[in-house]
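All remarks here apply to the structure that follows.
The values are calculated or read from the model by the stated rules, or taken from the named source; none is laboratory data. All values reported here derive from a predicted model rather than from experimental measurement. Cβ sites come from the backbone with ideal geometry, for glycine too, and all protein chains shown count toward neighbours. Quick note on the areas: whole protein, heavy atoms, side chains included, nothing else; ligands and nucleic acids left out. Shrake-Rupley method; radii C 1.70, N 1.55, O 1.52, S 1.80 Å.
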Amino acid sequence: MLSTSYWVPTAAMAFPTFPDHCFFRYDHHHRNDHKDLRRWRIRTTAAAYPLFSNQIQLTKDSSSRHKLYQEAIKTSRDKFTREISFQSKDKDISLAKALLYVAAEDEAFMSFNREMDACSILNERRNVSSPSEAIDWDSLEQMPLGGKTIPEWLSELDAIAKEVEAELVSRDIGCHLVEVLEAVNLVLFESRGLTRSPVLVNSKHSYLHSVLSSRCGSGKALFYFPFASTYMILVIAAILLSIIYIEVCRRLGLTIVGSRVGEDFLIWPQTGYPEELFKVTSGHSLFAIVNGRCVEDPRSMASDLTGTSLLGLEIATNRDIIGIALANLIRLHWKRASRSNHGLMLTSPLRHVNDTGEKPNMMDKSNVPLLRPQDLRLAIMASERLLILQPHNWALRRDHGMMLYYNREYGKAVQELSICMAFAPEEEAEILEPFVEKLHLMRLESSWKSLGHTGRLT
């Protein structure tokens with residue numbers, strides 16, 4: 001069809017808000033006419049109502065921020081995966097980078113949720129302005145994380161190492177091992193005021209950048225503050241402080257290794273003569289200077305260590321240390337997610353399904369407790385990262401599948417628990433099998449009802 005255009009003068013127009021001249025095209029698809037009309041309505045309405053114009057701009061800004069946060073979430077996970085890739089040598093893995101990528105992903109996820117909440121309020125109440133601030137970054141490296149970017153937090157560790165060097169210069173001493181470690185302790189625990197938090201449910205003390213930025217206290221009492229407490233409630237801060245200690249010493253050319261001893265995570269300088277670590281100088285052994293009072297606490301397994309038994313400990317790799325930090329995050333977020341269900345365990349539903357005294361159809365959607373969705377999703381994200389490190393850990397995969405069940409992602413839960421059964425011991429697989437079968441039926445029932453059917457599947 002040939003294109004035909006007609007010019008219509010302004011006087012002949014029904015609405016004065018049209019432009020001075022307008023072309024009507026008859027060779028366009030009818031759907032395009034609707035799009036043009038919609039654009040014209042938006043332009044004319046925006047001109048007549050400035051508040052509506054602001055609303056359009058806020059919607060565009062929110063959409064842009066959503067995309068940035070989604071991209072940051074994806075990029076953080078990709079960079080974390082590359083950092084801990086099994087194709088890389090373990091000694092080349094940066095503990096600081098890996099854990100900062102973890103923090104960046106979680107922060108982007110929480111910021112995305114805040115944006116979604118703000119948009120919901122904006123849609124419900126048109127006269128409410130958006131509380132979100134403009135974003136002045138367009139890549140993960142520029143995204144603020146507790147006031148600094150990831151490169152700036154890495155530079156912060158460099159700055160701490162330089163403070164230690166300055167402390168050694170001011171003492172006018174050589175680089176004897178004991179002096180270096182005492183200088184590290186002085187800078188970290190007196191100058192920087194780093195300490196552990198006794199509050200397990202506070203996520204502020206569960207990320208590397210948060211611990212680096214905190215100024216919880218100072219004083220000489222912190223000089224011998226324990227690095228690994230015997231109480232489980234302190235493990236989160238302990239592993240992060242140990243990571244900071246390892247990273248600072250690495251920048252000083254000093255290799256620090258570590259191992260789990262009971263509920264403690266102990267660290268010490270790598271040496272060919274471990275018995276020297278236990279020689280007492282200035283009232284404390286070198287091992288105590290690094291690890292603190294837990295070495296001298298009779299309630300701690302660390303108090304029984306000697307130079308000989310130290311050789312028998314399994315040295316944690318960088319991947320192991322990252323795994324401990326991630327396991328602590330899972331524990332933290334699960335505790336926060338299940339706060340209103342005191343004592344709820346991930347494996348609790350397995351016992352109910354396998355209890356012969358209960359009815360066979362006891363498990364249904366109404367029995368799944370309501371958990372805090374954001375904290376549950378953060379626990380699932382930490383579990384996903386840990387599975388990248390330990391793909392054949394059946395207990396971890398079981399817990400991951402159970403979290404998906406609590407999150408009502410039944411299809412994914414069936415998949416994860418089915419994989420778990422392939423790796424789990426026979427007795428554990430027998431416990432999982434009836435649960436997975438019932439979970440599969442729940443998934444089928446959801447599909448059945450989504451098609452408009454009523455009643456239960458039998």
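Worth pointing out:
- The range 256-284 - residue that is part of a helix (DSSP H, G or I) and touching a strand residue (DSSP E or B) at 6+ places or on another chain (Cβ under 7 Å) and, of those, most open to solvent (accessible area, probe 1.4 Å): 278
- Residue selected from the range 318-351 under the condition polar (S, T, N, Q) and farther than 17 Å from residue 205 by Cβ, by the criterion most open to solvent (accessible area, probe 1.4 Å): 340
- Given (1) over 21 Å from residue 81 (Cα atoms); (2) open to solvent by 60 Å² or more (accessible area, probe 1.4 Å), number of the condition residue 390 does not satisfy: (1)
- Within the range 77-100, considering residues that are of a type in the set (Asp, Glu) and surrounded by 13 or more Cβ atoms within 10 Å (Cβ to Cβ), the one nearest to residue 239 (Cα to Cα): 83
- Residue, modelled with the highest pLDDT, within the range 164-202, restricted to residues that are surrounded by 17 or more Cβ atoms within 10 Å (Cβ to Cβ) and under 28 Å from residue 333 (Cα atoms): 188
- Counted residues, the range 285-312 - those being charged (D, E, K, R) and crowded, with 17+ Cβ neighbours inside 10 Å: 1
- Members of the range 87-119 that are outside any helix (DSSP H, G or I) and among the β-branched types (Val, Ile, Thr): 93
- Residue count for the range 130-163, restricted to those that are at pLDDT below 70 and open to solvent by 60 Å² or more (accessible area, probe 1.4 Å): 3
- In the range 107-129, the residues that are closer than 23 Å to residue 147 by Cβ and at pLDDT 70 or above reach residues that are among the β-branched types (Val, Ile, Thr) and open to solvent by less than 90 Å² (accessible area, probe 1.4 Å) with C-beta atoms within less than 8 angstrom, at least six apart or across chains, in these pairs: 108/73; 109/73; 112/73.
- Boolean, residue 315 is open to solvent by 60 Å² or more (accessible area, probe 1.4 Å) and closer than 14 Å to residue 265 by Cβ: yes
- A search for C-beta distances below 7 Å between a residue of the range 401-430 that is within 17 Å of residue 444 (Cβ to Cβ) and any residue that is charged (D, E, K, R), counting only pairs 6+ apart in sequence or on different chains, returns 404/412; 404/416; 410/443; 411/443; 414/443; 417/398.
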